[in-house]
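Down below is the structure, laid out as structure tokens.
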Amino acid sequence: MVPPRARRPEPPRLAKPVDEVPGGSLAALRRAAAGCRRCPLWRDATRTVFGAGPGRARLMLVGEQPGNEEDLEGKPFVGPAGRLLRELLAEAGIDPLQVYLTNTVKHFKFRMRGKRRLHSRANAAEQAACRPWLAAELDRLRPAVVVALGAMAAHTLFGNGFGLLRERGRWQVLGPETHALATWHPSAILRMRGPDRDAARAQLLEDLRTAAAGLDRGFARPSP
Ligand code: URA
């Protein structure tokens, strides 16, 4: 007898509107996103930086948008912010290889200063154009826990009324089987100095520990 298939968790949903959720496997999504022309950012960027990590990851981290190094390597969080994030994940006892890392916007946006490409924040239209990819990643992975890094991801996941300073580190419900919380973006911490930086770093670490404890405590996907 063929054993019954494991029940898939119910899908989580973004608070902000999404015009369509593309179908296909995660690998098919990645291939389709590589040719994305939904907004003009593809013209200057080197490539689409799609999410990376195991398709069965129970923890998903959502950043803002790729930076210079991510654009060149084609992977999220490989630059300075990513190095801080990986250091904190390790301190929180989370294996970075078990985490699915992605971004709200999948192309690098920049302005030139001399020969340097300086990060420029994706605007509302560019964020909206990219939302179907994040919605599809959430739908395919159906993670138990999602961590929004910074305000752009938090607003996309929880809506514009969400206050990062007010509600940082507090559990939100993203779907019947997905809990989420928002915390500092590692780039914001790198821009800070002195005691503010130490405090924000400690808070990001605390929030990652909360996320790990949530997974351990039973924000778990049903076992096959
Ligand atoms: N900042 C982000 O939000 N994402 C990355 O991938 C790198 C830096």
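From the residues in segment 49-63 that are in a loop (DSSP other than H, G, I, E, B) and in contact with a Leu (Cβ under 7 Å, 6 or more places away or on another chain), which one is surrounded by the fewest Cβ atoms within 10 Å (Cβ to Cβ)? Before the answer, list the steps.
Of segment 49-63, the ones in a loop (DSSP other than H, G, I, E, B) are 49-51, 53-58.
Keeping just the survivors that are in contact with a Leu (Cβ under 7 Å, 6 or more places away or on another chain) gives 51, 53, 55, 57-58.
Values: GLY51: 28, GLY53: 21, GLY55: 12, ALA57: 19, ARG58: 20.
Top of the filtered list is GLY55.
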Unique match (being acidic (Asp, Glu), more than 9 Å from the ligand (Cβ to nearest atom) and in contact (Cβ under 8 Å) with a residue 12 or more places away in the chain) among GLU70, GLU91, GLU87, GLU64: GLU91
Residues satisfying the stated conditions in segment 109-147, i.e. within 16 Å of SER187 (Cβ to Cβ) and in contact with a Ser or Thr (Cβ under 7 Å, 6 or more places away or on another chain): LYS109, PHE110, VAL147
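Any residue that is at pLDDT 95 or above, within 27 Å of THR183 (Cβ to Cβ), buried (at least 20 other Cβ atoms within 10 Å of the Cβ) and touching a Pro at 6+ places or on another chain (Cβ under 9 Å) - is there at least one of those in segment 29-36? I'd like the intermediate steps shown before the answer.
Step one: of segment 29-36, the residues at pLDDT 95 or above are 29-36.
Retained after the next criterion (residues that are within 27 Å of THR183 (Cβ to Cβ)): 29-30, 33.
Next, only the ones that are buried (at least 20 other Cβ atoms within 10 Å of the Cβ) stay: 29, 33.
Still in the running and touching a Pro at 6+ places or on another chain (Cβ under 9 Å): 29, 33.
Checked segment 29-36: at least one residue is at pLDDT 95 or above, within 27 Å of THR183 (Cβ to Cβ), buried (at least 20 other Cβ atoms within 10 Å of the Cβ) and touching a Pro at 6+ places or on another chain (Cβ under 9 Å).
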Residues of segment 107-137 satisfying the condition of being within 15 Å of the ligand (Cβ to nearest atom) and open to solvent by less than 10 Å² (accessible area, probe 1.4 Å): PHE108, ALA122, LEU134, GLU137
Failed condition for PRO17, given (1) over 20 Å from ALA182 (Cβ atoms); (2) open to solvent by 20 Å² or more (accessible area, probe 1.4 Å): (1)
Test: residue in segment 25-43 that is aromatic (Phe, Trp, Tyr) and outside any loop (DSSP other than H, G, I, E, B): yes
Options THR46, THR104; residue that is open to solvent by less than 60 Å² (accessible area, probe 1.4 Å), polar (S, T, N, Q) and in contact with a helix residue (DSSP H, G or I) (Cβ under 6 Å, 6 or more places away or on another chain): THR104
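May I ask you to verify whether VAL78 is hydrophobic (A, V, I, L, M, F, W, C) and open to solvent by less than 10 Å² (accessible area, probe 1.4 Å)? Full working, then the answer.
Details: hydrophobic (A, V, I, L, M, F, W, C): yes; open to solvent by less than 10 Å² (accessible area, probe 1.4 Å): no.
Considered against the rule, which asks whether it is hydrophobic (A, V, I, L, M, F, W, C) and open to solvent by less than 10 Å² (accessible area, probe 1.4 Å), VAL78 comes out as no.
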For LEU215: the one exception among (1) at pLDDT 95 or above; (2) closer than 25 Å to ARG83 by Cβ: (1)
Any pair with Cβ under 6 angstrom, 6 or more apart, that starts in segment 181-207 at a residue that is within 30 Å of PRO12 (Cα to Cα) and ends at one that is among the aromatic types (Phe, Trp, Tyr): LEU181/TRP171; ALA200/TRP184; LEU204/TRP184
Checklist (1) over 15 Å from the mean Cα position of the chain (by Cα); (2) among the acidic types (Asp, Glu); (3) crowded, with 16+ Cβ neighbours inside 10 Å applied to GLU10, failing item: (3)
For THR183: the one exception among (1) within 15 Å of LEU204 (Cβ to Cβ); (2) surrounded by fewer than 20 Cβ atoms within 10 Å (Cβ to Cβ): (2)
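Looking at ARG30, ARG37, which is the one that is within 16 Å of the ligand (Cβ to nearest atom) and either free of Cβ contacts under 8 Å to residues at least 40 places away in the same chain or more than 15 Å from the chain's Cα centre (by Cα) (or both)? Step through it out loud before you land on a result.
Numbers: ARG37 fails: within 16 Å of the ligand (Cβ to nearest atom).
That would be ARG30, the only listed residue that is within 16 Å of the ligand (Cβ to nearest atom) and either free of Cβ contacts under 8 Å to residues at least 40 places away in the same chain or more than 15 Å from the chain's Cα centre (by Cα) (or both).
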Selection status of PRO143, open to solvent by less than 30 Å² (accessible area, probe 1.4 Å), away from the ligand (no atom under 14 Å from the Cβ), in contact (Cβ under 8 Å) with a residue 24 or more places away in the chain and at negative phi: yes
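The values are calculated or read from the model by the stated rules, or taken from the named source; none is laboratory data. Just so it is clear, the model here is predicted, and its values are computed rather than measured. Heads up, the Cβs are rebuilt from the backbone with ideal geometry, glycines too, and the neighbour counts pull from every protein chain shown. The accessibility values were calculated without ligands, DNA or RNA, using every heavy atom of the protein model including side chains. Shrake-Rupley method; radii C 1.70, N 1.55, O 1.52, S 1.80 Å.
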